[in-house]
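Heads up, the thing below is written out as structure tokens.
The values are calculated or read from the model by the stated rules, or taken from the named source; none is laboratory data. As the structure is a computational prediction, the values presented were derived from the model and not from experiment. When we count neighbours, we look across all protein chains shown, and the Cβ atoms used for this are built from the backbone with ideal geometry, even at glycine.
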Amino acid sequence: MRGRPLASIIHPDMNPGRVLVGGVLIALGIVFLLDRLGVAQAGTLIGALWPLVIIAAGALQMAVTRRAHIGAAIVVLVGLILLASSLRLLPANAWALFWPVVLIAIGVLFLAGVITRGGMGQTDQRDQVQAFSVFGGQRLINESQQFRGASLTAFCGGVTLDLRHAKLAPEGADVDVMTAFGGAQIIVPVGWPVLFTGVPIFGSFEDKTSHAGAEVGPQLRIKGTAMFGGVEAKNSS
């Protein structure tokens, strides 16, 4: 484990969004089980510990991102403040002072060049990529000539994967999508065959690509779950 990046802990075929949602469901199940056994009250536990979901979302985003992500760090910090507040570890006026401090910190980081506009349109040459957005937006432009797949997660945010300058691998590619109160867009070249096998839960999967002159050959297979959100494939931004 020494020197091993956090992203390598997650299996490459596992969507981080599934890890987050699955973990939340397991935690809720344990809480309700303890309530039924008379060990603890579910309402009290959920009311006190719900900010852990925000902390987990931010931490997971940092784990799967190749470089430091200030947005994820802010999400974790917000979660920690909310958790401390719900546990009554902070004075009543602490939250009122938090946002001004965050704005000052963001301004300092922007002047220092840590935050740039380039993060919204990153170009990637890898055959397999990941994008994880929490309470924000991320746009990834892929130019791989042997594109094999992607893992996209949008949790209260949006993710866009632009494949217009990429080419499919001979065996095709699989894009695993997980959206919860957010959306994901996959932009593909005209002629790419697209196959949807997703499960919408109060959400939608939409194929807006042009099927005119569709090529016979490798497919782009889009699968996953859309919870209170949408996933769409199209040919233009």
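The table below lists the values:
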item: Residues being touching a residue at least 12 places away in the same chain (Cβ under 8 Å) and either surrounded by 13 or more Cβ atoms within 10 Å (Cβ to Cβ) or charged (D, E, K, R) (or both) - total across region 29-60; result: 16
item: Hits in region 191-220 (condition: at pLDDT 75 or above, of a type outside the set (Gly, Ala, Ser) and in a loop (DSSP other than H, G, I, E, B)); result: Trp192, Pro193, Thr197, Phe202, Lys208, Thr209, Pro218, Gln219
item: Residue in region 168-175 that is acidic (Asp, Glu) and touching a Phe, Trp or Tyr at 6+ places or on another chain (Cβ under 9 Å) present; result: no
item: All positions within region 216-237 that are touching a Leu at 6+ places or on another chain (Cβ under 9 Å) and either of a type in the set (D, E, K, R) or surrounded by fewer than 20 Cβ atoms within 10 Å (Cβ to Cβ) (or both); result: Gly217, Pro218, Gln219, Arg221, Lys223
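Condition check ((1) outside any loop (DSSP other than H, G, I, E, B); (2) among the hydrophobic types (A, V, I, L, M, F, W, C)) across all residues:
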site	(1), (2)
Pro170	no, no
Asp174	yes, no
Gln185	yes, no
Pro189	no, no
Ala226	yes, yes
Val231	yes, yes
